[in-house]
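Participant: One structure, as structure tokens, below. Some questions next.
The values are calculated or read from the model by the stated rules, or taken from the named source; none is laboratory data. Since we're looking at a predicted model, the values are computed, not measured. A quick note on method: Cβ atoms are made from the backbone with ideal geometry, for glycine too, and the neighbour counts reach across all protein chains shown. Surface areas here come from the heavy atoms of the whole protein model, side chains and all, with no ligands, DNA or RNA. Shrake-Rupley method; radii C 1.70, N 1.55, O 1.52, S 1.80 Å.
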Amino acid sequence: AVTYIDLTLGNKAMSEFTNVFRAIFNQHIFLIMSMLCLFLCFYSLSEFVSDKKDSSFIYYACSLFFIALYFYDLGSITLVFPYNLQRALARPCLPVSMNFMLLFLMKFMDKKYFKLFKKIILIVNPFVFLSFFLVYGKGTGTDTLFMIYLLPIFSVIVYGIAVTSKALKYNKEDMVPLFTGFIIGSALGVHDIICIILKYNPFMWLQGIS
């Protein structure tokens, strides 16, 4: 009986210890990343104001703003809105953020199809939000829809690797950090995508770092 009590207490202590570390490496890190992305968002806006000839900064700022909202939802302990409403508002922020990242890359690389993609994405982004409200309050429907959007999200990551690696060959300025970021981000992002698809809850989600 004594051994049983000791084992139970030990398991409880270990469980609490694990939960504390999970909170640090998941919720807390997402809050930190949210604040960091928000700071970089305002910094990018200031760059745009100082140099309005380069409008790529505005799309980068939009990408950072929406990813900051997404990270805040993941890391926040308290709700700003009712649960279902906050989920419907926060979940689409990730695909919308990646859509703006695509526009940033195309504008920064001066791609000829930028204007076409800009029109498409400005139409698609409101639809992304609308689609999550169509499954409002349905947990399974929201999760399924989110997994569907993982495909275009990953496509943007692959595109980022492709265009930055090509630009590296021509020694385009600022390509090394961009290329490195996409390589590391894609590796960490794939980890989370696989976990989401398999419905596996890892010790730490890596999308904040990516």
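Participant: Scanning the stretch 75-99 for residues that are open to solvent by 10 Å² or more (accessible area, probe 1.4 Å) and farther than 18 Å from residue 129 by Cβ, which turns out modelled with the highest pLDDT?
Facilitator: 79
Participant: Can you pull out every residue in the stretch 100-113 that is over 12 Å from residue 163 (Cβ atoms) and crowded, with 19+ Cβ neighbours inside 10 Å?
Facilitator: 100, 103
Participant: Collect the residues in the stretch 164-204 that are aliphatic (A, V, I, L, M) and touching a Lys or Arg at 6+ places or on another chain (Cβ under 8 Å), keeping them in residue-number order. Give the steps one after another, and end with the answer.
Facilitator: As a first pass, look at the stretch 164-204 and keep what is aliphatic (A, V, I, L, M): 167-168, 175-176, 178, 183-184, 187-188, 190, 193-194, 196-198, 204.
Residue satisfying the conditions is 204 alone.
Participant: Among the residues of the stretch 108-120, is any farther than 27 Å from residue 168 by Cα, assigned to a helix (DSSP H, G or I), out of contact with any Asp or Glu (no Cβ under 8 Å at 6 or more places or on another chain) and not polar (S, T, N, Q)?
Facilitator: Checking the stretch 108-120: at least one residue is farther than 27 Å from residue 168 by Cα, assigned to a helix (DSSP H, G or I), out of contact with any Asp or Glu (no Cβ under 8 Å at 6 or more places or on another chain) and not polar (S, T, N, Q).
Participant: Exactly one of (1) under 17 Å from residue 63 (Cα atoms); (2) outside any helix (DSSP H, G or I) is unmet by residue 124. Its number?
Facilitator: (2)
Participant: A follow-up question, please. Between a residue in the stretch 16-43 that is farther than 17 Å from residue 90 by Cα and part of a helix (DSSP H, G or I) and any residue that is open to solvent by 50 Å² or more (accessible area, probe 1.4 Å) and at pLDDT 85 or above, which pairs come within a Cβ distance under 7 Å, given they are 6 or more apart or on different chains?
Facilitator: The qualifying pairs are 41/65.
Participant: Restrict the check to the stretch 170-178 and report whether at least one residue is open to solvent by less than 60 Å² (accessible area, probe 1.4 Å), assigned to a helix (DSSP H, G or I) and farther than 29 Å from residue 84 by Cα.
Facilitator: At the first step, the residues of the stretch 170-178 found to be open to solvent by less than 60 Å² (accessible area, probe 1.4 Å) are 175, 178.
Those left that are additionally assigned to a helix (DSSP H, G or I): 175, 178.
If we keep only those that are farther than 29 Å from residue 84 by Cα as well, we get 175, 178.
So far as the stretch 170-178 goes, yes, one or more of its residues are open to solvent by less than 60 Å² (accessible area, probe 1.4 Å), assigned to a helix (DSSP H, G or I) and farther than 29 Å from residue 84 by Cα.
Let's see how each residue does on (1) in a helix (DSSP H, G or I); (2) surrounded by fewer than 15 Cβ atoms within 10 Å (Cβ to Cβ); (3) in contact with a Pro (Cβ under 9 Å, 6 or more places away or on another chain):
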| position | (1), (2), (3) |
| --- | --- |
| 131 | yes, no, yes |
| 137 | no, yes, no |
| 142 | yes, no, no |
| 149 | yes, no, yes |
| 162 | yes, yes, no |
| 165 | yes, yes, no |
